[in-house]
Amino acid sequence: MSAPSSPSRWVAVLAVAALVVPAFAAGEEPKSGGEEGRPAAQGKEEDHHSSALTHELIPLQLEGFPERPRYLLELGNPYLGTGRIKPGIQLPTGAVWQPSLIVFGTLRTAFQSFERGDTRFTELAGRLDLFANLQLSGTERLVVGFRNLDREGRFTSYILEPDPGDAAFQAAFGDDGDRFREELNAEIQSLYFEGDFGEIFPKLDSDDFGRSDVGFSVGRQPLQFQEGMLIEDSIDGVGLTRNTLLPKGTSNFRATLFVGVDEIHRANVEDRAAEIVALLTSTDVRRSTIDVDLVYVSGSETSGDLIAGGISTVQRIGVRNTSLRLLASHAVDAETAQSTDGAVLFGELSWTPHYTDDLIYFTGFVAVDEFSSAARGPATGGPLGRAGINFAAVGLGSYGAPLSSRARDVAGGAFGYQRFYGPAKRRQLLAEVGLRLGTASDVTDSAAATVRYQMALGRRLVLVWDGFVGRRDGGALGADETLYGGRFELVVKF
């Protein structure tokens, strides 16, 4: 984001405009070079110059566009709306804040059935994401988020099968014999303030050379780095970001230092003793964006300490989108379930076929030993969820991905085609096949195919159908298995 102009520059611009605009509005050229009036060759013009600014209020031209949706609650200047902007409040620091509050969210409910081992699970599950965003300026805001129907990976749900007396039910949900699993809560999922020191204290740098343009965030905040493969969690911490740096040969360089002290999940389970320090950078060069990230996690004696990092490059090659990522983790002491030695090489390729809005994509990966993410939330699955919908967690209920997203001694990938069609392209059909090939004797092979259909109804409702069939090698100790499952989800946005 470009730094704002200094007050002295604005004064100069306004002074020139005060002289030039009235002259054009009167149909006259400004005087220049000691000559009065217009050049003789120009001749007479009409009294009103075509480039003059009009005083007439012209509303936004919205013919053919849908009406702007209403939020659950909206106070202050309308978010992405039209009309006069309120003058705001000038702080003693010199900053001007124009507070506006919006409350919005998403309600997801699903009926889903799947196999886990030799047992079929069928359930109704729900998830509610509710947010309040207090926008104070273009750079400062306070965000509060709730997940009222789930807690630590357990979702409010009703289990239709198996029977509560079955061992599989008791292993998954406990032995209380209750089909209804209630996880209603008022715990805060996100609560953070973010801003920019240079915008809050503009008087610190009156010439606005950017010395004080340091972004910051403090509180419980969602983090996602290396497309969620390195970090995907909501963590209590503090971050400092220096942006718009320009090393030679680059168009931008961003560096973030983040320190996390609580709410850190490792392998999808909270580690109450964990703390995290991360240096996260992104560099824009002529043809690519290069991210280099390094994270140190200190944990309990049980979970252990971990060093993890990643380097990636994202670019277009002709009409094709490509990315390549190399991630590695190292257990500082002995390996544990949360701290392991390993590396992953991950690549993506996608493009839009000519004369369509569709998307074709390939992903591929190779994992050596076992890579551990620095932090992973309880409903995010494993680090290979980025490979495709056959690997990704749906983040609702007990429904698991058709293929494991664990990054241990495995090679594989996915191929998918996403087609957009219907009025205004509001329907889409996605078909994908995925493959995992074990590179160690105790890692079995598996494959799956998933089809997903999504349809938008109105402006707040989305219907989602998923279905999959998979094949898993039983290895030396078991028979091969054919797995299948499906789900129907109703998404309401408000």
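Shape summary of the chain, radius of gyration then Dmax from alpha carbon positions: 27.9, 100 Å. The length gained by stretching the chain between ARG120 and GLU74 to full extension, at 0.36 nm per residue less their Cα-Cα distance, is 12.1 nm.
The Cα center of segment 195-247 and the Cα center of segment 402-420 differ in position by 33 Å. Count Lys and Arg as plus one, Asp and Glu as minus one, and take only other residues whose Cβ is under 12 Å from that of VAL464; the net charge is then +2.
Pairs of Cα atoms nearer than 8 Å and 6+ residues apart set the relative contact order; for the chain it is 10 percent. What the Kirkwood sum gives for segment 435-494 is a hydrodynamic radius of 13.9 Å, with every pair of different alpha carbons counted.
Dividing the mean sequence gap of close Cα pairs (under 8 Å, 6+ apart) by how many residues segment 74-174 holds gives a relative contact order of 22 percent.
Using a Förster radius of 56 Å, what is the FRET efficiency between VAL469 and LEU246 based on their Cβ-Cβ separation? Nearest 0.05, please.
0.60
In terms of the mean number of neighbouring beta-carbon atoms within 10 Å, the peptides 328-335, 416-423 order highest first as 328-335, 416-423. Summing Lys and Arg as +1 and Asp and Glu as -1 over all other residues whose Cβ lies under 12 Å from the Cβ of LEU257 gives a net charge of +1. Projecting the Cα atoms of THR139, SER157, PHE169 onto the dipole axis of segment 71-493, where Lys and Arg carry +1 and Asp and Glu carry -1 at the beta carbon, places THR139 farthest toward the positive end.
The alpha carbon centroids of segment 81-100 and segment 427-494 are separated by 48 Å. Calculated FRET efficiency, LEU349 to LEU204, Cβ-Cβ distance, R0 = 41 Å: about 0.35 to the nearest 0.05.
A straight chain from ASP357 to VAL285 at 0.36 nm per residue would run longer than the Cα-Cα distance by 23.1 nm.
Excluding GLN98 itself, calculate the net charge of residues whose Cβ lies under 15 Å from the Cβ of GLN98, where each Lys or Arg counts +1 and each Asp or Glu counts -1. Taking every Cβ under 15 Å from that of GLN98, the sum is 0.
In debye, nearest 20, what is the charge dipole magnitude of the chain about its Cα centre with +1 on Lys and Arg Cβ and -1 on Asp and Glu Cβ, if you could check? Present the calculation step by step, with values, prior to reporting the outcome.
Details: 47 positive and 65 negative charges, 301 e Å.
With only Lys, Arg, Asp and Glu charged at Cβ, the dipole is about 1440 debye.
With angles folded into 0 to 90 degrees, how steeply does helix 7-25 sit against the dominant principal axis of the chain? Use alpha carbons for both and round to 10. In the chain, helix 7-25 runs at an angle near 60 degrees to the longest axis.
Rule-based calculations on the coordinates, nothing more; no lab input. Keep in mind that what you see is a predicted model, and the values were worked out from it rather than measured. Here the Cβ is made from the backbone with ideal geometry for all residues, glycine too, and neighbour counts use every protein chain on show.
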